[in-house]
């Protein structure tokens, strides 16, 4: 019975080591490069971001238009 | 007052961790068994040493590339001005706490689910209710809209994820066409359709995530690796490939390969449960919100946390996060009833939104980025723009 527990622990430990080996081996880039790309993405898309730049009330279905139209 | 007491009361049946490895018991009866025990013990301790060495190496490798902070790279970027965001619509109709919501791709319909078992589909422009379903369980913690807009998925304490096709006929009983897709061994915490109506990804209190075929209900792939309840998940934007990120009560955020079931990256910097994860629009990073009152940004290519969004005055947990279309703004719904808006690049808070009368439990930006919707324990949903 105790062997089963030990075997379980072993399997878990083997899996943990295998997973850590995988994670340790991935290729990484420098934060400066990664951060620059995040910043550039923001800036390139800023003009198309309605919550950032705002859209005219008439275009935004959630903002009430300035005047009511009756039809 | 201690923050812990507030965070413990909101998650049903949450277990801090799955049964830990049972203590190794000694049974010295048979000599051969004793020798085997010793051998296993040695192997175990070797593995433990290797495991510790690898963890240290991982930290060192990550630290080597940490040459600058995100906000330093963003120093020359213009600051954001004052934001005027107000509640534009209030959706009333749920009889109890709103737990989850999702937008339809048509940018106008919303599905929401609540503690009282009701799932409601709304037209967010007119605030009309288009469909309502009563689930056989309470605490419907997860709901999602199908990409086609023709169905919704939901689940919670029933441990299942069910799909309801939406009928054009308002009088039709939706419950009759219900399809049970996912089966977990504990509560369903989150669900999401993949690119099509045909597959659903789920996360559960049983510590696993799983990918299911909607038509047959077959389990296509399961994802094991979290040591406790998984509370949230988000799929990578379709252009960036088949991965998703999950967050759990083990304080870890894991990135998974959907085809192989492998965990490819893991991040453990939060100090408490991770309630929400959301990919940055480019797919190269993701944000997380936690009971530790912080939101954090993790870059996938640098393989590390690159920003923390926090203030000393913010002491309540974050339940839900989402980005604006360009990724410049991060919206966080908090347990202190507010929504904080963060400048992702500079790390500063640009706005704080009041309106809800109880915890904000869920928050999503609309598909075209013109508005965002928040759901709360005050029984209402609000759209803001």
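The values are calculated or read from the model by the stated rules, or taken from the named source; none is laboratory data. Keep in mind it's a predicted model, so treat the numbers as computed, not measured. Neighbour counts are summed over all protein chains in view; Cβ atoms, including those assigned to glycine, are modelled from backbone coordinates with ideal geometry.
Side notes on the structure shown:
- Test: residue in region B:98-112 that is under 16 Å from residue B:145 (Cβ atoms), in contact with a strand residue (DSSP E or B) (Cβ under 7 Å, 6 or more places away or on another chain), surrounded by fewer than 17 Cβ atoms within 10 Å (Cβ to Cβ) and within 14 Å of chain A (Cβ to nearest Cβ): no
- Reported count of residues in region B:324-383, each being in a loop (DSSP other than H, G, I, E, B) and over 23 Å from residue A:43 (Cα atoms), is 14.
- Some residue of region B:143-151 being part of a loop (DSSP other than H, G, I, E, B), touching a strand residue (DSSP E or B) at 6+ places or on another chain (Cβ under 9 Å) and in contact (Cβ under 8 Å) with a residue 60 or more places away in the chain: no
- Candidate set from region A:5-53 (those that are part of a loop (DSSP other than H, G, I, E, B) and either surrounded by 15 or more Cβ atoms within 10 Å (Cβ to Cβ) or at the interface with chain B (Cβ under 7 Å from one of its Cβ atoms) (or both)); member that is modelled with the lowest pLDDT: A:26
- Selected residue [touching a helix residue (DSSP H, G or I) at 6+ places or on another chain (Cβ under 6 Å) and within 11 Å of chain A (Cβ to nearest Cβ)] from B:283, B:225: B:283
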